[in-house]
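Only one structure is covered here, and it is reproduced in the block below.
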Amino acid sequence: MLEWIYFVLIAQGIWSITSLIDKFVISKGYIKNPLVYIVLNGLMNVLLIFLLPFFGFEPLKLADLLIGIFGGIIFSASVVMYYKAVQYEEISRIAMLFQSGPIFVLVLSFLFLGEMLTKNHILGFLFLLSAGFVVSYKRADSTFKLSKSFHLMLISMLLSSIGFVIAKYIYTITSFWNAFLWLRISGFTALGVLLSPSVRKDSLKTFKAMKPKIKSLMIFKMVIDFSAFIFAGYALLNGPASLVSALSNSVLPLFVFMLALVASIYLPKLIKEKIDKRSILIKVLAIVFIMVGILFINLK
């Protein structure tokens, strides 16, 4: 198996844990405003201080620097949409909705990076997208309808896909660590939301009211989240953007589903997922599509 696949698995394994933390913190009302979570994401990049002594900066061209900053802004906007979606839906369904991302990356990477996929890879994409649509439908009364989270996640994945392709571009024009550091610096743009007086006030109020155990949980989340970006960066550097995206968005739901299911059984006060027969069958069907998709994208 190609090396970048292992990096994808490690990164998504870490992000499955942070996804459950996100759901717990938001669903329990510890953080009610998604923009406050954006502030935390921006502060996460303070961890760069520990890397700077070991890796020197190399300047980027002004145009490339502006592209990187734009990517940071776009990614922050996608995260806002994601956190709003988490407020409406089970985290395992939210994770499954990430399947809309690969098609955006496929088109964008073809247009701007010149990446080409084989017929098997295209078939893999179709299975992955099918998994996303299967799980995004909810039964309401006697009809089916798209949940609120579907529309929010569609916007989120479009924006994050743009940021994903921009990140791939930055990794191709400089060394890995230099690209990683610049991309993380672009993450500071998330703190731009603090220009809003209401967000500043809400952030201070939220942090002051947060219990010590929750603060420790958020610090833990920020540290492992930061480490996941390193593994994801290595995968993006060494693999085609479209395939890295497809695999990432395939294995994350599988990891999240298993963790959420275990948490629902043994820690129901923390995370409560629907585990009735119908919900399980829908998720298993989606996972089958995901596994078939993974099989195809690994074929030449």
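Quick one: which of 23/119; 84/201; 148/205 span more than 31 angstrom between C-alpha atoms? Table pairs above 31 Å Cα-Cα are 23/119. Screening the chain for whole DSSP H helices of 24 Å or more along their axis (Cα) with average Kyte-Doolittle hydropathy at least 1.0 returns 3-27, 62-88, 119-136, 148-173, 212-238, 241-266, 277-297.
Among the listed options (1) 139; (2) 168; (3) 123, the one matching volume of the Cα convex hull per residue in Å³ as calculated from these coordinates is (1). Considering only 88, 66, 42, the residue lying farthest towards the positive end of the dipole of the chain is 88, judged by Cα position with unit charges set on Cβ.
Laboratory data are not the source of any read-out in this text; all were calculated from the coordinates shown. Note that the structure is predicted; figures quoted are calculated from it, not measured. Here the Cβ is made from the backbone with ideal geometry for all residues, glycine too, and neighbour counts use every protein chain on show.
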